[in-house]
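The values are calculated or read from the model by the stated rules, or taken from the named source; none is laboratory data. These figures come from a predicted structure and were not determined experimentally. All Cβ positions, glycine included, derive from the backbone under ideal geometry; neighbour counts span all protein chains shown.
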Amino acid sequence: MGTIDGLPPLREVIRAHDLVAKKQLGQNFLLDLNLTAKIARLAGDLAGSDVLEVGPGPGGLTRGLLAEGARRVLAVEKDARCMAALAEIAAVYPGRLEVVQGDALALDVAARLAPPVKVVANLPYNVGTELLVRWLTPPAWPPFWQSLTLMFQKEVAERIVAKPGDDAYGRLALLAQWRCDVRIVMTLPPEAFTPPPKIHSAVVHLVALPAPRFPADAAVLQRVTAAAFNQRRKMLRSSLKGLAPDMEARLLACGIAPTARAEEIGLEAFCALARNLAGPAPG
Ligand code: SAM
(Lines give C-alpha, C1' and ligand atoms only; values in the text may rest on other atoms or scores of the structure.)
Protein backbone atom coordinates (compact mmCIF):
# COMPACT_ATOMS: atom_id res chain seq x y z
CA MET A 1 0.00 0.00 0.00
CA GLY A 2 1.30 3.51 -0.80
CA THR A 3 2.11 6.01 1.92
CA ILE A 4 0.57 9.48 2.19
CA ASP A 5 3.81 11.19 1.18
CA GLY A 6 4.85 8.68 -1.50
CA LEU A 7 7.95 7.75 0.50
CA PRO A 8 8.65 4.10 1.28
CA PRO A 9 7.19 2.48 4.42
CA LEU A 10 9.46 2.91 7.45
CA ARG A 11 10.54 -0.74 7.58
CA GLU A 12 11.95 -0.29 4.08
CA VAL A 13 13.64 2.99 5.05
CA ILE A 14 15.30 1.26 8.00
CA ARG A 15 16.44 -1.63 5.84
CA ALA A 16 17.69 0.61 3.01
CA HIS A 17 19.77 2.76 5.39
CA ASP A 18 20.74 -0.04 7.74
CA LEU A 19 19.31 1.77 10.79
CA VAL A 20 19.69 -1.00 13.35
CA ALA A 21 18.44 0.53 16.62
CA LYS A 22 21.14 1.53 19.10
CA LYS A 23 20.24 1.20 22.75
CA GLN A 24 22.69 3.85 23.95
CA LEU A 25 20.86 6.42 21.79
CA GLY A 26 17.47 5.44 23.24
CA GLN A 27 16.31 4.25 19.83
CA ASN A 28 12.82 2.77 19.99
CA PHE A 29 11.24 3.67 16.67
CA LEU A 30 7.59 4.23 15.76
CA LEU A 31 7.01 2.59 12.39
CA ASP A 32 3.25 2.98 12.02
CA LEU A 33 2.60 6.18 10.06
CA ASN A 34 -1.05 6.24 11.17
CA LEU A 35 0.17 6.34 14.76
CA THR A 36 2.75 9.06 14.10
CA ALA A 37 0.09 11.17 12.32
CA LYS A 38 -2.15 10.70 15.35
CA ILE A 39 0.62 11.89 17.70
CA ALA A 40 1.21 14.89 15.42
CA ARG A 41 -2.51 15.74 15.70
CA LEU A 42 -2.29 15.61 19.51
CA ALA A 43 -0.10 18.72 19.27
CA GLY A 44 -3.08 20.68 17.90
CA ASP A 45 -3.32 22.58 14.64
CA LEU A 46 0.20 22.66 13.19
CA ALA A 47 -0.54 24.87 10.19
CA GLY A 48 1.12 28.22 10.79
CA SER A 49 3.52 26.81 13.43
CA ASP A 50 7.17 25.94 13.44
CA VAL A 51 7.78 22.56 15.05
CA LEU A 52 10.90 21.50 16.91
CA GLU A 53 11.40 17.73 16.86
CA VAL A 54 14.17 16.17 18.91
CA GLY A 55 15.38 12.77 17.76
CA PRO A 56 13.58 12.20 14.43
CA GLY A 57 15.44 8.91 13.86
CA PRO A 58 14.19 7.36 10.58
CA GLY A 59 11.53 10.10 10.42
CA GLY A 60 8.17 8.48 11.19
CA LEU A 61 6.97 11.30 13.44
CA THR A 62 8.63 13.88 11.16
CA ARG A 63 6.53 12.60 8.26
CA GLY A 64 3.42 12.79 10.47
CA LEU A 65 4.19 16.40 11.41
CA LEU A 66 4.74 17.45 7.80
CA ALA A 67 1.70 15.58 6.49
CA GLU A 68 -0.40 17.22 9.22
CA GLY A 69 0.60 20.63 7.87
CA ALA A 70 3.45 21.95 10.05
CA ARG A 71 4.71 25.20 8.49
CA ARG A 72 8.31 24.13 9.13
CA VAL A 73 9.99 21.35 11.10
CA LEU A 74 13.41 21.73 12.67
CA ALA A 75 14.61 18.23 13.50
CA VAL A 76 17.68 17.67 15.69
CA GLU A 77 19.17 14.19 15.49
CA LYS A 78 22.39 12.93 17.06
CA ASP A 79 22.77 9.82 14.92
CA ALA A 80 24.56 10.57 11.63
CA ARG A 81 23.22 7.32 10.15
CA CYS A 82 19.72 8.87 9.99
CA MET A 83 20.73 11.86 7.82
CA ALA A 84 20.19 10.22 4.42
CA ALA A 85 16.70 9.00 5.31
CA LEU A 86 15.78 12.44 6.64
CA ALA A 87 17.14 14.11 3.48
CA GLU A 88 14.69 12.01 1.45
CA ILE A 89 11.82 13.45 3.51
CA ALA A 90 13.15 17.00 3.09
CA ALA A 91 13.15 16.50 -0.68
CA VAL A 92 9.42 15.67 -0.66
CA TYR A 93 8.63 18.80 1.41
CA PRO A 94 10.83 21.50 -0.12
CA GLY A 95 11.74 24.27 2.31
CA ARG A 96 9.75 22.76 5.18
CA LEU A 97 12.20 20.39 6.86
CA GLU A 98 15.56 21.45 8.26
CA VAL A 99 17.64 18.70 9.80
CA VAL A 100 20.47 19.47 12.20
CA GLN A 101 22.86 16.73 13.15
CA GLY A 102 23.89 17.17 16.77
CA ASP A 103 23.13 16.73 20.43
CA ALA A 104 19.89 18.47 21.41
CA LEU A 105 21.36 19.10 24.86
CA ALA A 106 24.20 21.11 23.38
CA LEU A 107 22.36 23.15 20.74
CA ASP A 108 20.60 26.48 21.09
CA VAL A 109 17.66 25.93 18.78
CA ALA A 110 15.38 28.79 19.81
CA ALA A 111 17.11 31.24 17.48
CA ARG A 112 16.39 28.99 14.50
CA LEU A 113 12.63 28.95 15.05
CA ALA A 114 9.92 31.52 14.33
CA PRO A 115 6.93 31.82 16.65
CA PRO A 116 4.54 30.22 17.24
CA VAL A 117 6.62 27.14 18.04
CA LYS A 118 5.36 23.72 19.07
CA VAL A 119 7.74 21.05 20.32
CA VAL A 120 6.77 17.50 19.38
CA ALA A 121 9.03 14.53 20.04
CA ASN A 122 9.33 10.85 20.78
CA LEU A 123 12.21 11.58 23.11
CA PRO A 124 15.23 9.46 23.73
CA TYR A 125 14.47 8.19 27.23
CA ASN A 126 17.96 8.90 28.53
CA VAL A 127 17.69 12.66 27.91
CA GLY A 128 13.90 13.23 28.01
CA THR A 129 13.59 14.50 31.58
CA GLU A 130 16.65 16.70 31.29
CA LEU A 131 15.30 18.36 28.13
CA LEU A 132 11.89 18.88 29.73
CA VAL A 133 13.39 20.54 32.81
CA ARG A 134 15.43 22.84 30.57
CA TRP A 135 12.37 23.80 28.51
CA LEU A 136 10.52 24.53 31.75
CA THR A 137 13.28 26.70 33.22
CA PRO A 138 14.29 29.23 30.60
CA PRO A 139 15.75 32.56 31.66
CA ALA A 140 12.42 34.24 30.92
CA TRP A 141 8.78 33.29 30.65
CA PRO A 142 6.84 32.86 28.35
CA PRO A 143 9.35 30.52 26.67
CA PHE A 144 10.22 30.15 22.97
CA TRP A 145 7.58 27.41 22.62
CA GLN A 146 3.81 27.44 22.97
CA SER A 147 3.27 23.75 23.70
CA LEU A 148 5.23 20.55 24.25
CA THR A 149 3.84 17.22 23.06
CA LEU A 150 6.29 14.63 24.28
CA MET A 151 6.59 10.88 24.58
CA PHE A 152 8.03 9.64 27.88
CA GLN A 153 8.20 6.44 29.82
CA LYS A 154 4.75 6.18 31.42
CA GLU A 155 6.34 6.49 34.85
CA VAL A 156 7.86 9.88 33.93
CA ALA A 157 4.56 11.03 32.37
CA GLU A 158 2.85 10.22 35.67
CA ARG A 159 5.42 12.29 37.56
CA ILE A 160 4.61 15.29 35.34
CA VAL A 161 0.82 15.21 35.90
CA ALA A 162 0.81 13.94 39.53
CA LYS A 163 -1.23 15.64 42.27
CA PRO A 164 -0.56 15.84 46.04
CA GLY A 165 -0.94 12.41 47.61
CA ASP A 166 0.00 10.52 44.42
CA ASP A 167 3.10 8.31 44.66
CA ALA A 168 4.53 10.09 41.62
CA TYR A 169 4.04 13.59 43.11
CA GLY A 170 7.22 15.60 43.47
CA ARG A 171 9.42 18.33 42.04
CA LEU A 172 8.74 17.54 38.38
CA ALA A 173 4.94 17.83 38.88
CA LEU A 174 5.36 21.14 40.70
CA LEU A 175 7.71 22.61 38.11
CA ALA A 176 5.57 21.51 35.15
CA GLN A 177 2.24 22.52 36.67
CA TRP A 178 3.56 25.85 37.91
CA ARG A 179 4.20 26.94 34.36
CA CYS A 180 1.90 24.80 32.22
CA ASP A 181 -1.42 23.06 31.86
CA VAL A 182 -0.43 19.39 31.66
CA ARG A 183 -2.29 16.31 30.46
CA ILE A 184 -1.52 12.72 29.46
CA VAL A 185 -3.11 12.43 26.01
CA MET A 186 -2.12 8.92 24.95
CA THR A 187 -0.57 5.78 26.43
CA LEU A 188 1.24 3.21 24.33
CA PRO A 189 2.20 -0.39 24.97
CA PRO A 190 5.79 -1.57 24.36
CA GLU A 191 4.72 -3.30 21.10
CA ALA A 192 4.04 0.10 19.49
CA PHE A 193 7.83 0.52 19.16
CA THR A 194 10.61 -1.26 17.29
CA PRO A 195 12.42 -2.63 19.19
CA PRO A 196 9.88 -2.73 22.05
CA PRO A 197 11.14 -1.12 25.27
CA LYS A 198 10.54 -2.90 28.60
CA ILE A 199 8.05 -0.31 29.81
CA HIS A 200 4.83 1.39 28.70
CA SER A 201 5.03 4.91 27.28
CA ALA A 202 2.77 7.95 27.36
CA VAL A 203 2.43 11.22 25.49
CA VAL A 204 2.15 14.34 27.65
CA HIS A 205 0.79 17.60 26.27
CA LEU A 206 1.97 20.72 28.09
CA VAL A 207 0.66 24.18 27.21
CA ALA A 208 2.68 27.13 28.51
CA LEU A 209 0.71 29.51 30.72
CA PRO A 210 1.26 33.21 29.95
CA ALA A 211 2.71 33.58 33.47
CA PRO A 212 3.39 31.04 36.23
CA ARG A 213 0.18 29.82 37.88
CA PHE A 214 1.05 31.47 41.24
CA PRO A 215 3.68 34.17 41.80
CA ALA A 216 7.01 32.98 43.21
CA ASP A 217 10.71 33.42 42.53
CA ALA A 218 11.80 30.42 40.42
CA ALA A 219 15.09 29.91 42.29
CA VAL A 220 13.48 30.10 45.75
CA LEU A 221 10.66 27.75 44.72
CA GLN A 222 13.25 25.35 43.37
CA ARG A 223 15.19 25.47 46.68
CA VAL A 224 12.06 24.86 48.75
CA THR A 225 10.78 21.93 46.68
CA ALA A 226 14.26 20.37 46.49
CA ALA A 227 14.65 20.48 50.27
CA ALA A 228 11.08 19.28 50.88
CA PHE A 229 11.21 16.33 48.47
CA ASN A 230 14.77 15.25 49.18
CA GLN A 231 13.30 14.10 52.50
CA ARG A 232 9.73 13.57 51.36
CA ARG A 233 8.68 11.39 54.32
CA LYS A 234 9.89 13.89 56.92
CA MET A 235 7.78 16.64 58.41
CA LEU A 236 8.34 19.99 56.72
CA ARG A 237 9.53 21.67 59.93
CA SER A 238 12.41 19.22 59.85
CA SER A 239 13.12 18.87 56.08
CA LEU A 240 13.02 22.66 55.57
CA LYS A 241 14.74 23.83 58.74
CA GLY A 242 17.99 24.55 56.93
CA LEU A 243 16.30 27.21 54.78
CA ALA A 244 15.44 29.69 57.56
CA PRO A 245 15.93 29.80 61.34
CA ASP A 246 12.26 30.67 61.88
CA MET A 247 10.87 28.08 59.47
CA GLU A 248 8.07 26.88 61.71
CA ALA A 249 6.66 30.43 62.02
CA ARG A 250 6.94 30.90 58.26
CA LEU A 251 5.08 27.65 57.57
CA LEU A 252 2.31 28.72 59.94
CA ALA A 253 2.17 32.17 58.32
CA CYS A 254 1.48 30.41 55.01
CA GLY A 255 -1.23 28.22 56.51
CA ILE A 256 0.93 25.08 56.26
CA ALA A 257 1.04 22.71 59.23
CA PRO A 258 4.72 22.31 60.25
CA THR A 259 4.00 18.60 60.78
CA ALA A 260 2.79 18.13 57.18
CA ARG A 261 4.94 16.22 54.68
CA ALA A 262 5.98 17.46 51.23
CA GLU A 263 3.79 14.97 49.42
CA GLU A 264 0.65 16.48 51.01
CA ILE A 265 1.34 20.08 50.01
CA GLY A 266 -0.04 21.60 46.82
CA LEU A 267 1.58 24.00 44.37
CA GLU A 268 -0.21 27.09 45.70
CA ALA A 269 1.11 26.52 49.23
CA PHE A 270 4.67 25.87 47.99
CA CYS A 271 4.50 29.16 46.06
CA ALA A 272 3.21 30.99 49.16
CA LEU A 273 6.13 29.60 51.13
CA ALA A 274 8.61 30.62 48.43
CA ARG A 275 7.21 34.18 48.52
CA ASN A 276 7.41 34.21 52.29
CA LEU A 277 11.03 33.04 52.23
CA ALA A 278 11.95 35.68 49.67
CA GLY A 279 10.57 38.36 52.01
CA PRO A 280 11.56 39.57 55.50
CA ALA A 281 11.25 37.38 58.59
CA PRO A 282 7.71 37.28 60.00
CA GLY A 283 7.27 39.96 62.70
N1 SAM B 1 11.31 10.00 16.42
C2 SAM B 1 11.68 8.65 16.06
C3 SAM B 1 10.48 7.75 16.15
O4 SAM B 1 9.50 8.17 16.79
O5 SAM B 1 10.51 6.66 15.61
C6 SAM B 1 12.81 8.13 16.93
C7 SAM B 1 12.56 8.17 18.41
S8 SAM B 1 13.81 7.38 19.38
C9 SAM B 1 12.89 7.06 20.86
C10 SAM B 1 14.88 8.70 19.95
C11 SAM B 1 15.75 9.36 18.89
O12 SAM B 1 16.53 10.40 19.51
C13 SAM B 1 16.75 8.46 18.21
O14 SAM B 1 16.68 8.64 16.82
C15 SAM B 1 18.12 8.90 18.76
O16 SAM B 1 19.18 8.71 17.85
C17 SAM B 1 17.87 10.36 19.02
N18 SAM B 1 18.74 10.94 20.07
C19 SAM B 1 19.24 10.34 21.18
N20 SAM B 1 19.92 11.22 21.94
C21 SAM B 1 19.83 12.43 21.31
C22 SAM B 1 20.34 13.72 21.58
N23 SAM B 1 21.04 13.97 22.69
N24 SAM B 1 20.07 14.72 20.70
C25 SAM B 1 19.34 14.49 19.58
N26 SAM B 1 18.84 13.26 19.26
C27 SAM B 1 19.08 12.25 20.11
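Table: residues versus (1) surrounded by 14 or more Cβ atoms within 10 Å (Cβ to Cβ); (2) of a type outside the set (Lys, Arg); (3) over 17 Å from VAL133 (Cα atoms); (4) at pLDDT 95 or above.
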site	(1), (2), (3), (4)
VAL204	yes, yes, no, yes
LEU209	yes, yes, no, yes
THR225	yes, yes, no, yes
LEU240	yes, yes, yes, yes
CYS254	yes, yes, yes, yes
GLU263	yes, yes, yes, yes
LEU273	yes, yes, yes, yes
ASN276	yes, yes, yes, yes
PRO282	no, yes, yes, no
*asked:* Given the criteria surrounded by fewer than 18 Cβ atoms within 10 Å (Cβ to Cβ), in contact with a helix residue (DSSP H, G or I) (Cβ under 7 Å, 6 or more places away or on another chain), closer than 20 Å to PRO210 by Cβ and assigned by TED's automatic domain parsing to the domain that holds ALA47, does TRP178 qualify?
replied: no
_Lone qualifier among VAL204, VAL127, VAL156, VAL185 - being touching a Phe, Trp or Tyr at 6+ places or on another chain (Cβ under 7 Å) and closer than 27 Å to GLY59 by Cβ_ = VAL204
_Condition first: surrounded by 18 or more Cβ atoms within 10 Å (Cβ to Cβ) and within 30 Å of LEU277 (Cβ to Cβ). Can you find one or more residues in segment 188-195 that meet it?_
no
*Filter the strands (runs of 3 or more DSSP E) completely within segment 1-107 down to those with at least 2 residues that are away from the ligand (no atom under 12 Å from the Cβ) and in contact with a helix residue (DSSP H, G or I) (Cβ under 8 Å, 6 or more places away or on another chain).*
97-101
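Rundown of residues vs (1) surrounded by fewer than 22 Cβ atoms within 10 Å (Cβ to Cβ); (2) among the aliphatic types (A, V, I, L, M); (3) within 23 Å of ALA16 (Cα to Cα), yes/no style:
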position: PRO58; (1), (2), (3): no, no, yes
position: LEU61; (1), (2), (3): no, yes, yes
position: VAL100; (1), (2), (3): yes, yes, yes
position: VAL119; (1), (2), (3): no, yes, no
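Just to be sure, is VAL119 over 16 Å from GLN27 (Cβ atoms) and modelled with pLDDT of 95 or more? Before you say what the answer is, go through the steps one by one.
Working: over 16 Å from GLN27 (Cβ atoms): yes; modelled with pLDDT of 95 or more: yes.
Judged against the criteria, VAL119 is a match.
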_Can you pull out every residue in segment 108-161 that is away from the ligand (no atom under 13 Å from the Cβ) and among the small types (Gly, Ala, Ser)?_
ALA110, ALA111, ALA114, ALA140, SER147, ALA157
